[in-house]
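Just so you know, all these numbers are worked out from the coordinates, no wet-lab data involved. Bear in mind the structure is a predicted one, so any value in this text is a computation, not a measurement. Note: ideal-geometry Cβ built from the backbone for every residue, glycine included; neighbour counts use all protein chains shown.
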Amino acid sequence: MQLAATGTAPAGARDRILEAAEQLVAEQGASNLTLDAVAQAAGVSKGGLLYHFPSKDALLMGMLDRHCEQMDQRCAEAHADLPDNDFAGHLKAHVLGLLRWNTVRAEVGTAMFAAAANNPSLLENIRKRYADDIARMAEHPSAFARGAVVMLATDGLLMGEVWKLTSFTPEQREQIVAELLRLADEAFEKKPA
C-alpha cells in the first residue's frame, strides 16, 4: 500500500516500517538495511518512511526502542507469573523474559546492536537501562555481585545462542536456567539477623 502524496501515513504505517526493517535485518543482516529496501518491503513510499524516520539512524533507534519495549513486555509477563515482588523477582523475570524469548527476535536485536555500534549514541537508551539495573542491584550490597553474575550470564547465554556459539541440549539449557533462577533467589534471600 502506497502512502498518500500528502506525506501523512495511514494508521499502522510506522509499525509496518519497523516490521519490514526487522525482517530485512533477520534475512539479510543489518549491513544490508537501506531506507529504499525498507520502504519497498513495507509497501510505503520513501517519503512516507522518511516522515516517520528521517534517517537510517532514526530507523535504527526506532528498531532498538521497539526491541527494548518487547523485552520489557516479556520480562513484565514473566514477573507477573512470579510470587516475588522484590529485586529477586525482577532478576528472575530478566532471566525468564530473555531466555524464553523467540530466538529470531533476539537475532534481530543483536544485528541492530551491531549496526548501532557504528554510532554509539544510538545505544544510549540501552546504557541507561543497564545503569538502572545496576543501580537497583547496588541497593543490595550483599547481593550485588551474585545478581550481576546472574544478569551477565543470562545475557551471555542469549548472545551465545543467537550467534550459534553454544551447543547445549534442551535439557542442559533448562538446567542452566534453573540454576540462574536459584542463584537469583539465593542472592536476595533474607538472612537471619
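By the count of other C-beta atoms within 10 Å, a proxy for reagent exposure, K92, K46 are ordered fewest to most as K46, K92.
Straightening the chain between N125 and D86 buys 11.7 nm, computed as 0.36 nm per residue apart minus the Cα-Cα spacing. Fewest-first ordering of Y51, Y130 by other beta carbons within 10 Å of each residue's beta carbon gives Y130, Y51.
Applying a DSSP loop filter and a limit of 13 other Cβ atoms within 10 Å to the trypsin sites (Lys or Arg not before Pro) in the stretch 139-193 leaves K164, K190. With a ≥ b ≥ c taken as the square roots of the eigenvalues of the C-alpha gyration tensor of the stretch 65-188, please select rounded if a/c is under 1.5 and otherwise prolate if a/b is larger than b/c or oblate if it is not? Oblate, since a/c reaches 1.5 and b/c is not below a/b.
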